[in-house]
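Have a look at the structure below, then the notes.
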Amino acid sequence: MGEARFVAGDKVRTHTVDPPHHTRLPRYIRGQVGEVVEPEGAWPLPDDRARDLPESRVETVYAVRFAARDLWGEGTHSVTVDLWESYLEPAGEDDT
Amino acid sequence: MSEDHASTAIAARVRRLEERLVDAGVVSDAELDTILNRFLAKASPLNGARIVARAWVDEGFRERLLDDANSAIKELGLSLGGDHAELRLRVVANTQTLHNVIVCTLCSCYPLQLLGPSPSWYKSLAYRSRVVRVPRDVLAEFGLHLPDDVEIAVWDSSAESRYMVLPMRPPGTEDKSEDELAGLVTREGLIGTAAV
């Protein structure tokens, strides 16, 4: 595993890919922009483990916070989800 | 991922494996029950309550708990390890302006060692799907009516971290001992569906 790619405060967007195998990227946050709360250490990627791949990737997991109004169009609460690094990409300049 | 655990392929596999091991004389039902009971005897919401009570009476412990919960709970002889690799524990504190609530939308991740077996509603599709969408309504249905100016933070424990809520110490408990305070803490308070 390399260095953690993101730090607290980074804006990230989750992937929209719906893989044909197990994943731990919940559907309700796919394609959404959130803010990294904190890295949580490195853990084997469940997508690889569930497929019995000979070598599971080990990646940093991040707590990422999403605003309810971004997810549902309303609401004032936040939802923080633990996500493996390969589920995330840096959010672009235009993302809020 | 949303079906009941008892009907999943892995549950069927575990049942078959258990039958084969018992048939082959590798292990007996009684031995398996002993192991499970040993785990469950240690896994109780009393553990979570002890952690909370200590945090209420010891500011230094509270800070260590919120900073690095895995290390802090070792001071009480507790751990999220056991027979398998230790999971990360994150304790999130309620304040006058912030209320935390825990869910696992993908399945039923839960800090068993500190809270005991999870309540059945925690694994229900209704709780898992609604608490991330309308948490204020869900909490009201539990009887917890939060003022409008209290923000709600929902934590979806979808990976290898386990979450526990640190409730606020109730007013009027200044004279209570640590043990008495632990007696006030409920399992629902540690999940975030009750105040204490």
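The values are calculated or read from the model by the stated rules, or taken from the named source; none is laboratory data. Bear in mind that the values here come from a model prediction, so they are computed numbers and not experimental data. When we count neighbours, we look across all protein chains shown, and the Cβ atoms used for this are built from the backbone with ideal geometry, even at glycine. Ligands, DNA and RNA are excluded from the accessible area calculation, which covers all protein heavy atoms including side chains. Shrake-Rupley method; radii C 1.70, N 1.55, O 1.52, S 1.80 Å.
Points worth noting:
- The residues of segment B:148-178 that are basic (Lys, Arg) and more than 14 Å from chain A (Cβ to nearest Cβ), listed by number, are B:169, B:176.
- Residues that are more than 11 Å from chain B (Cβ to nearest Cβ) and in a loop (DSSP other than H, G, I, E, B) were ranked within segment A:74-96; the one that is modelled with the highest pLDDT is A:91.
- Filtering segment A:57-67 to residues that are over 17 Å from residue A:7 (Cβ atoms) and open to solvent by 40 Å² or more (accessible area, probe 1.4 Å) leaves A:57, A:58.
- Residues in segment B:90-127 that are farther than 17 Å from residue B:153 by Cβ, open to solvent by 10 Å² or more (accessible area, probe 1.4 Å) and outside any loop (DSSP other than H, G, I, E, B): B:112, B:113, B:120, B:121, B:123, B:125, B:126.
- In segment B:128-147, the qualifying residues are those that are within 20 Å of residue B:167 (Cβ to Cβ) and in a loop (DSSP other than H, G, I, E, B), and the one that is farthest from the other protein chains (Cβ to nearest Cβ) is B:143.
- Filter pass, residue B:16 being under 24 Å from residue B:155 (Cβ atoms), of a type in the set (D, E, K, R) and either more than 20 Å from the chain's Cα centre (by Cα) or part of a helix (DSSP H, G or I) (or both): no
- Flag for residue A:70 being open to solvent by less than 10 Å² (accessible area, probe 1.4 Å) and more than 11 Å from chain B (Cβ to nearest Cβ): no
- Single residue of segment A:19-35 satisfying the filter (more than 8 Å from every other protein chain (Cβ to nearest Cβ) and outside any loop (DSSP other than H, G, I, E, B)) that is surrounded by the most Cβ atoms within 10 Å (Cβ to Cβ): A:34
- In segment A:36-50, residue nearest to residue B:107 (Cα to Cα) [restricted to those that are outside any strand (DSSP E or B) and open to solvent by 50 Å² or more (accessible area, probe 1.4 Å)]: A:50
- Beta carbons closer than 7 Å, at least 6 apart along the sequence or on distinct chains, pair a first residue in segment B:10-31 that is within 19 Å of residue A:50 (Cα to Cα) with a second that is open to solvent by 60 Å² or more (accessible area, probe 1.4 Å) for B:11/B:5.
- Qualifying residue in segment B:34-52 (condition: farther than 13 Å from residue B:190 by Cβ, without any contact (Cβ under 8 Å) to a residue 24 or more places away in the chain, outside any loop (DSSP other than H, G, I, E, B) and within 14 Å of another protein chain (Cβ to nearest Cβ)): no
- From the options B:159, B:153, B:182, B:140, residue that is without any contact (Cβ under 8 Å) to a residue 60 or more places away in the chain and open to solvent by less than 30 Å² (accessible area, probe 1.4 Å): B:159
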